[in-house]
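Engineer: Structure provided below as C-alpha cells; questions to follow.
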Amino acid sequence: MLNTYTWPEYDYKQSEEQKNGTIKRHPVVVIGGGLVGLTAALDCAKRGIPVVIMDDNNTVSIGSRAVCYAKRPLEVWDRLGVADQMVDKGISWNLGKVFFREDLAYEFDLLPEEGHKMPAMINLQQYYCEEYLVDEVQKQSDMIDLRWKHKLISLTRHDDYVSLQVETPDGVFTMECDWLIACDGANSNVRDMVHAEFTGQFFQDRFLIADVVMKADFPTERWFWFDPTFHKNQSALLHKQSDDVWRLDFQMGWDADPKEATKPENVIPLIKAMLGKDTEFELEWVSIYQFACRRIDNFRYDRILFAGDAAHQVSPFGARGANTGIQDIDNMAWKLKLVMDGDAPDSLMDSYDEERAFAADDNLLNSTRSTDFITPKSRASRYFRDAVLELSKNYDFARPLVNSGRLSKPTPYVKSSLNTPDEAGFCSEMRPGTNCLDAPITVDGKEGWLLNELGDGFTLLVFGDKPEKTEITCGGISAKVVTVGDRIMDSQGLLAERYDGGVYLIRPDQHVAARWRTYDEDKITAALARATGQKQEK
C-alpha cells in the first residue's frame, strides 16, 4: 500500500565560470529551488530575463509539506504552462466541513459559481509540484541555468550589483548578479546576510502532521474538528492528496515532546483513534512543528528582493504560505523586467514592497485570527469559541464567526500607488488593485478563457465599440487592446456580469490598474504611466 513515489536526485554540474576561474555577471540569480524559487525562474524566463537558480540540495522536498494550492496561484502557474498537470494529478475540492465534537457546526463552498478554468483548490504533495516545475525549468535551459548543490555562503551589496560567494562540491567561487531574488525559506540565510529584521509572533503550541497511505471512503473535502472525542480538548484536520495519501493534522499542545510525539508507537494509536481501528493504512511521513506569524521589515534591500517564506511566515491554517509566495513572484517579475529594460524607473521595485507587504500583513492578520480561534489563550476565549461552535449548528449569524483557517484568497492592492482612482458607477467588485476574475469566452469561434487571452503583458479590455488603435503606448510600454464583441465573445454572459462593462487597464500580473465607463485615450495613457511608476497623476 505504501506510496511508490521515488524522490529524484538531480546531477550536480560544475559551472564554466567556476571551472575557468572567471567572475561572471548574471542578470538575475534566484536562491532556493523550492516552489517559489522555481516559479521565479520560470516567470523571469517567460519575460525574457536569463536567470540562474541555485539550491544547496539536489532533490525536491521530502514529505508532502505544502498541500493546498488555491485558484489564484494555479492561474499564475497556468500562465507559466505548468498548471494542467498539477490539476490533473491533484485532488480538486471546494467543500469544507467543520465539526464541534462529533456534530457538524459549519460548512463552506470556496467556489459556489461555475465558469472558472481553475478549481477553487487542489490538494497535491509538494514534491509533485516541485518536480513538475523542475521539468519545465529544464525544458528552458536556454534561459534558465539550474544549479544543484550550490550554496550561497556570503554576499556583498554594491550600488548596481550583488557579489556572491558560492560553495559547491568543487570548492568556493565568486559570481555576480544585477538582481538577487531570495527564495530560501523561513530560515533564510540571505535575510541574515543583509541583517534584515524578521519580526512577529511565535505561538506556543505544537501540531503533528502525518501523511498516511490508505484506501478510504472519506469524501474529498476538508474536515476540521474542534474537541473531537478521538482527540479531546484539541483540534484535528483531515484531507486527501494524490496516490491515496491523506494529510492528518493533530494539535498536540505546547508541552508535547517533539521526539516522543513523532515515534510510530505514539502516532499510530492517534491515527487509529481518528480513522477507526479497522482502517488499514501505512505511515509515510510524520513531523511536528511550532509556527509563527512574522514578516521581513522590507521586501527589497537595494538589488535584493525577498519572496515566499524568506519574506513572510504564517501558520499553516488557511494554506497561505506557498500560495502567498507564488503571488509574490507574480507581482515582482513584470516590474523587474520593465526596470531592467529601462522602460520604468528603479523606484517601480519599491511598489513590490508596498503591495506585497500589504498582502503579507493581511495574511498575517487572518492567520493570527485563525490561530487564536483554534488555540484559545484564555478561559474566556475558550468559552467564546465553544459558544460560537455550539450556536453555529442552528443559527446562521454564528457561522461566519467559525474560524478553522480562512482559506487563501488574493489580497486586493486597494491602496497601491500604481492604481488610478476609480470611477463611480460600477456595480462589479473589479476595482483597481483587484486580480481579474476568469470567465469562459470564445476566441475566433473557439472556446477559451479570459485570463489566457489577457496573457502576461499590459492589456486594455474594452466592452463596446472597438477602438481604432490595436495598442496604446506610453514611453517604451504598450498595452494591447482586446475588445469584447470582436474576436472575443462573451459566450455565457459571465464576462459582462463579472466586469459590468466599461474599459479596463489590466497589469501584466492580471490585476486591474484602472477602469472607466468610456474610452478616453488621454486617461488610459496617464494610467499606464502611473501603473509603471513613470509619473503620478496630479
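The values are calculated or read from the model by the stated rules, or taken from the named source; none is laboratory data. Please read these numbers as outputs of a predicted model, since none were measured by experiment. All Cβ positions, even for glycine, are placed from backbone atoms using ideal geometry, and neighbour counts span all protein chains on display.
Engineer: Determine which member of the set Val60, Val29 is in a strand (DSSP E or B), of a type in the set (A, V, I, L, M, F, W, C), assigned by TED's automatic domain parsing to the domain that holds Trp179 and surrounded by 13 or more Cβ atoms within 10 Å (Cβ to Cβ). Reasoning before the result, please.
Structural biologist: Numbers: Val60 fails: in a strand (DSSP E or B).
Going through Val60, Val29 in turn, the sole match is Val29.
Engineer: Exactly one condition in (1) at pLDDT below 90; (2) over 16 Å from Gln126 (Cα atoms); (3) surrounded by 19 or more Cβ atoms within 10 Å (Cβ to Cβ) is false for Arg79; which is it?
Structural biologist: (1)
Engineer: Checking Met332 against (1) in contact with a Leu (Cβ under 9 Å, 6 or more places away or on another chain); (2) closer than 25 Å to Pro73 by Cα; (3) of a type outside the set (Ser, Thr, Tyr); (4) in a loop (DSSP other than H, G, I, E, B), which test does it fail?
Structural biologist: Checking Met332 against (1) in contact with a Leu (Cβ under 9 Å, 6 or more places away or on another chain); (2) closer than 25 Å to Pro73 by Cα; (3) of a type outside the set (Ser, Thr, Tyr); (4) in a loop (DSSP other than H, G, I, E, B), the one that fails is (4).
Engineer: I need a count of the residues in segment 473-485 that are within 15 Å of Leu454 (Cβ to Cβ) and surrounded by fewer than 19 Cβ atoms within 10 Å (Cβ to Cβ).
Structural biologist: Residues in segment 473-485 being within 15 Å of Leu454 (Cβ to Cβ) and surrounded by fewer than 19 Cβ atoms within 10 Å (Cβ to Cβ): 3 in total.
Engineer: Got a number for residues in segment 32-57 being surrounded by fewer than 24 Cβ atoms within 10 Å (Cβ to Cβ) and assigned to a loop (DSSP other than H, G, I, E, B)?
Structural biologist: Within segment 32-57, residues that are surrounded by fewer than 24 Cβ atoms within 10 Å (Cβ to Cβ) and assigned to a loop (DSSP other than H, G, I, E, B) number 6.
Engineer: Within segment 245-262, is even one residue of a type in the set (Asp, Glu), more than 23 Å from Leu407 (Cβ to Cβ) and in contact with a helix residue (DSSP H, G or I) (Cβ under 8 Å, 6 or more places away or on another chain)? Break it down stepwise before answering.
Structural biologist: Of the residues in segment 245-262, the ones of a type in the set (Asp, Glu) are 249, 255, 257, 260.
Next, only the ones that are more than 23 Å from Leu407 (Cβ to Cβ) stay: 255, 257, 260.
Narrowing the set further to residues that are in contact with a helix residue (DSSP H, G or I) (Cβ under 8 Å, 6 or more places away or on another chain) leaves 260.
Yes - at least one qualifying residue is present in segment 245-262.
Engineer: Output the residue which, of all residues in segment 164-187 that are over 16 Å from Ser15 (Cβ atoms) and either without any contact (Cβ under 8 Å) to a residue 24 or more places away in the chain or touching a Pro at 6+ places or on another chain (Cβ under 8 Å) (or both), is surrounded by the fewest Cβ atoms within 10 Å (Cβ to Cβ). Before the answer, list the steps.
Structural biologist: Our first condition is that a residue be over 16 Å from Ser15 (Cβ atoms); within segment 164-187, this holds for 178-187.
Next cut, either without any contact (Cβ under 8 Å) to a residue 24 or more places away in the chain or touching a Pro at 6+ places or on another chain (Cβ under 8 Å) (or both) only: 178-179, 187.
Values: Asp178: 17, Trp179: 24, Asn187: 11.
Result: Asn187.
Engineer: Now for a different question. I want to confirm something. Restricting to segment 117-141 and keeping residues that are of a type outside the set (A, V, I, L, M) and over 22 Å from Ser242 (Cα atoms), which single residue is surrounded by the most Cβ atoms within 10 Å (Cβ to Cβ)?
Structural biologist: Gln140
Engineer: Oh, and also: Enumerate the pairs (first residue in segment 335-354 and more than 19 Å from Ile506 (Cβ to Cβ); second residue anywhere and assigned to a loop (DSSP other than H, G, I, E, B) and among the hydrophobic types (A, V, I, L, M, F, W, C)) with beta-carbon separation below 7 Å, excluding pairs fewer than 6 apart on the same chain, so at least 6 apart or on different chains.
Structural biologist: Met340/Ile49; Asp353/Phe299
Engineer: For segment 318-377, enumerate the residues that are at pLDDT 95 or above and among the basic types (Lys, Arg).
Structural biologist: Across segment 318-377, the qualifying residues are Lys335, Lys337, Arg356.
Engineer: Follow-up. Does Asp309 satisfy the criteria of being under 29 Å from Ser154 (Cα atoms) and either under 16 Å from the mean Cα position of the chain (by Cα) or among the aliphatic types (A, V, I, L, M) (or both)?
Structural biologist: yes
Engineer: So, one more: Do the conditions hold for Asp330, that is, is it assigned by TED's automatic domain parsing to the domain that holds Pro27, charged (D, E, K, R) and touching a residue at least 40 places away in the same chain (Cβ under 8 Å)? Walk me through it before giving the result.
Structural biologist: Numbers: assigned by TED's automatic domain parsing to the domain that holds Pro27: yes; charged (D, E, K, R): yes; touching a residue at least 40 places away in the same chain (Cβ under 8 Å): yes.
Answer is yes for this residue.
Engineer: Are any residues in segment 151-163 over 18 Å from Lys13 (Cβ atoms) and among the aliphatic types (A, V, I, L, M), and if so, which ones?
Structural biologist: Ile153, Leu155, Val162
Engineer: Here's another thing I want to ask about it. Identify the residue in segment 414-439 that is of a type in the set (D, E, K, R) and farther than 20 Å from Phe458 by Cβ and, among all such residues, is modelled with the highest pLDDT.
Structural biologist: Lys415
Engineer: Also, quick follow-up: Ala344 - would you say it is more than 19 Å from the chain's Cα centre (by Cα) and either among the small types (Gly, Ala, Ser) or in a strand (DSSP E or B) (or both)?
Structural biologist: It is true that Ala344 is more than 19 Å from the chain's Cα centre (by Cα) and either among the small types (Gly, Ala, Ser) or in a strand (DSSP E or B) (or both).
Engineer: Residues that are outside any strand (DSSP E or B), of a type outside the set (S, T, N, Q) and surrounded by 17 or more Cβ atoms within 10 Å (Cβ to Cβ): does segment 90-106 have at least one?
Structural biologist: yes
Engineer: Any idea how many residues of segment 366-395 are of a type in the set (Val, Ile, Thr) and not in a helix (DSSP H, G or I)? Outline the logic, then answer.
Structural biologist: At the first step, the residues of segment 366-395 found to be of a type in the set (Val, Ile, Thr) are 368, 371, 374-375, 388.
Remaining after also requiring not in a helix (DSSP H, G or I): 375.
Residues in segment 366-395 being of a type in the set (Val, Ile, Thr) and not in a helix (DSSP H, G or I): 1 in total.
Engineer: When the residues of segment 402-453 are filtered to those that are part of a loop (DSSP other than H, G, I, E, B), among the aliphatic types (A, V, I, L, M) and more than 30 Å from Pro376 (Cβ to Cβ), which remaining residue is farthest from the chain's Cα centre (by Cα)?
Structural biologist: Per the criteria, the residue is Ala424.
Engineer: So, one more: Identify the residue in segment 194-206 that is at pLDDT 90 or above and buried (at least 18 other Cβ atoms within 10 Å of the Cβ) and, among all such residues, is farthest from Ile49 (Cα to Cα).
Structural biologist: The selected residue is Phe198.
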